[in-house]
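Enquirer: Following this message is one structure expressed as structure tokens.
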Amino acid sequence: VYKKLAKPLLFLLDAEVAHHLIFSCIRVFMLIPGLSWVLRKTYQVNHPDLARNVFGIDFPNPVGLAAGFDKDAKLFNELSYFGFGFIEIGTLTPKGQEGNPKPRLFRLPEDHALINRMGFNNGGVEAAIERLRRGKGKVVIGGNIGKNKITPNEKAISDYEICFQALYPYVDYFVVNVSSPNTPNLRALQDKAPLTALLSRVQQLNQETVAPKPVLLKIAPDLNETQLNDIVEIVKTTKIAGVIATNTTINRNGLRTSEVEVERAGNGGLSGAPLAKRATEVIRYLVQRFEGGVPVIGVGGIQTADDAWEKLEAGAVLVQVYSGFIYEGPAMIKRINKGLIKKYTRKP
Ligand SMILES: Cc1cc2nc3c(=O)[nH]c(=O)nc-3n(C[C@H](O)[C@H](O)[C@H](O)COP(=O)(O)O)c2cc1C
């Protein structure tokens, strides 16, 4: 239904307008009594081979919704009915901010890809925790945190502190996001000294809590080998729980979409199918360097069970999707999970 009916109509609209329309539709439809039950029955796949415990958290299946789709924690419960094993909200910043001027989200249909330069548009962490407080159901929730655009990098730590402390009671794991290409200089926080300082401080706050929560680092696919080696070292020294690889890329190589159209979209992060190969390379490299000791969540270009399997075979413990959800629709999660069950049962 999504691909034949909803997608052709939605793709006539500006990508961000379509996103908001989908949000509103899901919210309105959920007022129909019993619909959440029907959706759960339709989309959720329960199978012991899919369930796993990572960082001490039980995940019903390994397929999560990546950050950026439900930035403001407005729809996490409803989205969970579509069969996701976990949902990552954010990126949230201390203060609400508009993000970059519109248009800032573009489809590249020939490539099953998106280019976005949203720029952490969100209503601020306090507004989000109000919704989390009221609405937290059973789904595993990750809290992805960042810094406001106006906060200089020298003061970035305090933005992450504010978000960590506000969200602590309401999320199951944290993601320190230093890899969005759309906040000026944010990715400089991936450098050794600032990243060590940032993660050490978040870990310090975490250790002061009654029950520390897993803290993960989300990295860009555009890091070179030396930079990845630095990440490995920093993860080990700060003893964070894991890594999410990867965020969107600034690379535009190998696209089917014409150069003119790509240029028309302009700056921003590319996600979807063209990102898959590089994201898998980064995952494989990190897993090898960690020697299995640090869990890696794989994200980038997953649209089918084979794509998800590729990430899991590269050593990812869980996967996440964003662009695939836009191109393939809600049935994708079920298809991936069903496909994974087949792969697991075929495996000796
Ligand atoms: C419109 C859009 C907004 C995004 N916003 C965020 C964000 O706020 N924080 C973040 O960590 N990642 C964000 N991402 C990146 C995704 O979480 C994911 O890492 C990336 O899209 C690669 O996965 P995909 O190929 O399945 O889309 C965003 C992606 C898109 C397309």
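Enquirer: Compute for the range 287-340: radius of gyration divided by Kirkwood radius, i.e. Rg/Rh, restricted to C-alpha atoms, rounded to two decimals.
Expert: On the way: Rg = 11.7 Å, Rh = 11.4 Å.
For the range 287-340, the value is 1.02.
Enquirer: With a sphere of radius 11 Å drawn around the Cβ of ASP111, what net charge do the other residues whose Cβ falls strictly inside it have (Lys, Arg +1; Asp, Glu -1)?
Expert: For residues surrounding ASP111, the net value is +1.
Enquirer: Towards the positive end of the charge dipole of the chain, with charges on Cβ (+1 Lys, Arg; -1 Asp, Glu), say which of PRO295, VAL262, LEU9 has the farthest Cα.
Expert: Towards the positive end, the residue furthest out is LEU9.
Enquirer: Using the Cβ atoms and a cut-off under 11 Å, what net charge is assigned to the surroundings of TYR285, where Lys and Arg are +1 and Asp and Glu are -1?
Expert: Neighbourhood net charge equals +1.
Enquirer: Still on this structure, please answer the following. Checking a compactness column here: for the range 126-209, what do you get for Rg(Cα) / (2.2 N^0.38 Å), N being the number of residues? Walk me through the numbers on the way to the answer.
Expert: Working: Rg = 13.3 Å, N = 84, 2.2 N^0.38 = 11.8 Å.
Ratio of Cα Rg to 2.2 N^0.38 Å: 1.12.
Enquirer: Tell me, what HN-Hα J-couplings in whole Hz come from the Karplus equation 6.51 cos²θ - 1.76 cosθ + 1.60 at θ = phi - 60° for each residue of the range 43-48, using x for Gly and Pro?
Expert: 9, 7, 10, 9, 7, x
Enquirer: Right, another one. Pick out which of ILE234, ILE162, ILE32 has the largest mean-square fluctuation in a Gaussian network model of the chain, springs linking Cα atoms closer than 10 Å.
Expert: ILE32
Enquirer: Name the long-range amide H neighbours of LEU92: under 5 Å, sequence gap of 5 or more, or other chain; modelled H, no Pro or chain starts.
Expert: Excluding prolines and chain starts, which carry no amide H, the hits are ASN144, ILE145, GLY146.
Enquirer: Label the range 217-348 by shape, choosing from rounded, prolate and oblate, from the square roots a ≥ b ≥ c of the eigenvalues of the Cα gyration tensor; if a/c is under 1.5 it is rounded, and otherwise prolate applies when a/b is larger than b/c, oblate when it is not.
Expert: Details: a/c = 2.21, a/b = 1.09, b/c = 2.04.
Taking the square roots of the gyration eigenvalues as a ≥ b ≥ c, the range 217-348 is oblate.
Enquirer: Give a residue-ordered list of calculated ³J(HN,Hα) values for the range 311-324 (Karplus: 6.51 cos²θ - 1.76 cosθ + 1.60, θ = phi - 60°; whole Hz; x for Gly, Pro).
Expert: Listing the rounded values in order: 5, 5, 5, 6, x, 5, 8, 9, 10, 9, 9, 9, 4, x Hz.
Enquirer: May I pose another question? Can you give the relative contact order of the range 179-313 as a percent, counting alpha carbon pairs under 8 Å and 6+ residues apart? Walk me through the numbers before you get to the answer.
Expert: Working: 169 pairs, mean separation 33.7, N = 135.
Value for the range 179-313: 25 percent.
Enquirer: Only Lys, Arg, Asp and Glu count, each charged at its Cβ (+1, +1, -1, -1), so figure out the dipole size of the chain about its Cα centre, rounded to 20 debye.
Expert: Computed about the Cα centre, the dipole is about 880 debye.
Enquirer: Keeping all protein chains in place and using 1.4 angstrom, which order do LEU228, LEU35 fall into by accessible surface area, from largest down?
Expert: LEU35, LEU228
Enquirer: Which value, in debye to the nearest 20, gives the size of the charge dipole of the range 1-118 about its Cα centre, when Lys and Arg are +1 and Asp and Glu are -1 at the Cβ?
Expert: Values: 14 positive and 11 negative charges, 50 e Å.
Dipole magnitude for the range 1-118 comes out near 240 debye.
Enquirer: Measuring with a 1.4 Å probe in the full set of protein chains, what accessible area per residue, in whole Å², belongs to the range 125-229?
Expert: Accessible surface, normalised per residue, equals 42 Å².
Enquirer: When the accessible area of the chain is split by element with a 1.4 Å probe, what percent falls to carbon and sulfur?
Expert: 55
Enquirer: Tell me, what is the 1.4 Å probe accessible area of LEU92, in Å² to the nearest 10?
Expert: For LEU92, solvent-accessible area is about 0 Å².
Enquirer: Starting from the Cα of LYS102, draw a straight line to each of the lysines and keep only those under 18 Å, dropping any in the same chain fewer than 8 residues away.
Expert: LYS71, LYS149
Enquirer: Could you work out the percent of alpha carbon pairs in the chain separated by over 28 Å, rounded to a whole number?
Expert: Tail of the P(r) past 28 Å holds 38 percent of the pairs.
Enquirer: Let me have the 222 nm mean residue ellipticity of the chain computed from DSSP H runs of 4+ only, each contributing -39500 (n - 2.57), with the sum over all residues rounded to the nearest 500.
Expert: -12000 deg cm²/dmol
Enquirer: Restricting things to alpha carbons, tell me how big the range 1-117 is in terms of Rg and Dmax, in Å.
Expert: Expressed in Å, the Cα Rg and Dmax of the range 1-117 come to 16.1, 46.
Enquirer: Enter the accessible area of ASP49 (Å², nearest 10), with the probe set to 1.4 Å and all protein chains included.
Expert: 60
Enquirer: Next up: Around VAL243, with a cut-off of 12 angstrom between Cβ atoms, what is the net charge of the other residues, counting Lys and Arg +1 and Asp and Glu -1?
Expert: +3
Enquirer: Output ³J(HN,Hα) for the range 74-87: one whole-Hz value per residue in order, computed from phi by the Karplus curve 6.51 cos²θ - 1.76 cosθ + 1.60 with θ = phi - 60°, and x for Gly and Pro.
Expert: Result, rounded to whole Hz: 9, 9, 5, 5, 4, 5, 5, 5, 7, x, 5, x, 6, 10.
Enquirer: Another one. Less than 16 Å apart at the alpha-carbon level, and either on another chain or at least 8 residues along: which aspartates and glutamates does that give for LYS192?
Expert: By straight Cα distance, LYS192 reaches GLU154, ASP222, GLU225, ASP230, GLU233.
Enquirer: Also, I was wondering about something else. Given a 1.4 Å probe and heavy atoms of the protein chains only, how would you sort VAL140, VAL28, largest accessible area at the top?
Expert: I get VAL28, VAL140, largest accessible area first.
Enquirer: Counting alpha carbon pairs within less than 8 Å and at least 6 residues apart, what relative contact order, in whole percent, applies to the chain?
Expert: 18
Enquirer: Which percent, nearest 5, of DSSP beta bridges in the chain are antiparallel?
Expert: Restricted to the chain, the bridges split so that about 30 percent are antiparallel.
Enquirer: Could you work out how far apart the two model spin labels at THR226 and ARG264 are, taking each label as a point 7 Å from the Cα in the direction of the beta carbon, and quote it in nm?
Expert: Label at THR226, label at ARG264, 4.0 nm between them.
The values are calculated or read from the model by the stated rules, or taken from the named source; none is laboratory data. Given the structure is predicted, the values throughout are model-derived calculations rather than measurements. All Cβ positions, even for glycine, are placed from backbone atoms using ideal geometry, and neighbour counts span all protein chains on display. Accessible surface is based on the protein model in full, side chains and every heavy atom, while ligands, DNA and RNA are left aside. Shrake-Rupley method; radii C 1.70, N 1.55, O 1.52, S 1.80 Å.
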